Ligand code: PEP
């Protein structure tokens, strides 16, 4: 069973480069005592990535991007390539966030193409999946997740899964203050784990599966204590050094 804990902050479209620099400097210091106990990453906007990499060099805080295009280069206005991210020292990349699916036409097929591009450039994908409130209330959560997992991870090998994180983010819990109860989240994480094992055998047991959706310092311990919840993808609570640090510390019982 995967028991590596990985907590990543998704800053979304927040923080100018100067603000990002200040937050990275604060996190570098506040998270230093947790080195070796937990994997932590921050995912700023494209304009702050190089600064974040520079500030966090040599620290235990890793840097991720929020998107990657599947092509190596070309006429794709507004997109960014794996080579560009790799060159500046980015390690992770969020793929298929529900906001991308909802507002920018992301599908399981484009998620799959982006994952393959990330792996090609030795970037580690954080692949987001999750059901809407309508889907949960309609009792189809598991079939929605099954489709997202199998579609998103089509043609991906068991060996590749060592570099892929899954972030389960119920859409109704993102930025709403509504959190899945730890038991509800665990039940869904167990289903995701079962699906990953069906697809990848023993390697499926080793995949880090994060929970995302209004995780905060007050509930990170309870959520991450659950057997199949291996960390979190954090939105709002990742935007301040004190709340993100407290969330990480509580999450690992430090
Ligand atoms: C997210 O968008 O990945 C997220 C989990 O946001 P929040 O923590 O604000 O709900």
| remark: Shape call for the stretch 121-178, from the Cα gyration tensor axes a ≥ b ≥ c (a/c under 1.5 means rounded, otherwise prolate when a/b beats b/c, else oblate), comes out oblate
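I need the calculated FRET efficiency for the pair residue 25 and residue 102, taking r as the beta carbon distance and R₀ as 35 Å, to the nearest 0.05.
0.60
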| field | Between the stretch 49-63 and the stretch 119-149, the Cα center-to-center distance that results, in Å | value | 29
| Quick one: length gained pulling residue 71 to residue 46 fully straight, 0.36 nm per residue minus the C-alpha distance? | 7.3 nm
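May I ask you to compute the full-extension gain from residue 147 to residue 122, defined as 0.36 nm times their residue separation minus their alpha-carbon distance, rounded to one decimal in nm?
Stretched out fully, the residue 147 to residue 122 stretch lengthens by 6.4 nm.
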| field | Shape category assigned to the stretch 1-78 from the gyration tensor of Cα positions, a/c cut at 1.5 | value | oblate
| query | Which distance in nm do the two modelled labels at residue 137 and residue 154 give, with both placed 7 Å along the Cα-to-Cβ direction? | reply | 3.1
| Using r as the Cβ-Cβ distance of residue 17 and residue 83, and R0 as 22 Å, what FRET efficiency do you calculate, to the nearest 0.05? | 0.55
| remark: Where a ≥ b ≥ c are root eigenvalues of the Cα gyration tensor, a/c under 1.5 meaning rounded, otherwise prolate if a/b exceeds b/c and oblate otherwise, the chain counts as rounded
| request: Compute the length gained on full extension between residue 226 and residue 32: take 0.36 nm times their separation in residues and subtract their Cα-Cα distance, giving the result in nm to one decimal. | output: 67.3 nm
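Here, each number is a calculation from the coordinates, and none is a lab measurement. Bear in mind that the values here come from a model prediction, so they are computed numbers and not experimental data. Quick reminder, even Gly has a Cβ in these numbers, built from the backbone with ideal geometry, and neighbours come from all protein chains shown.
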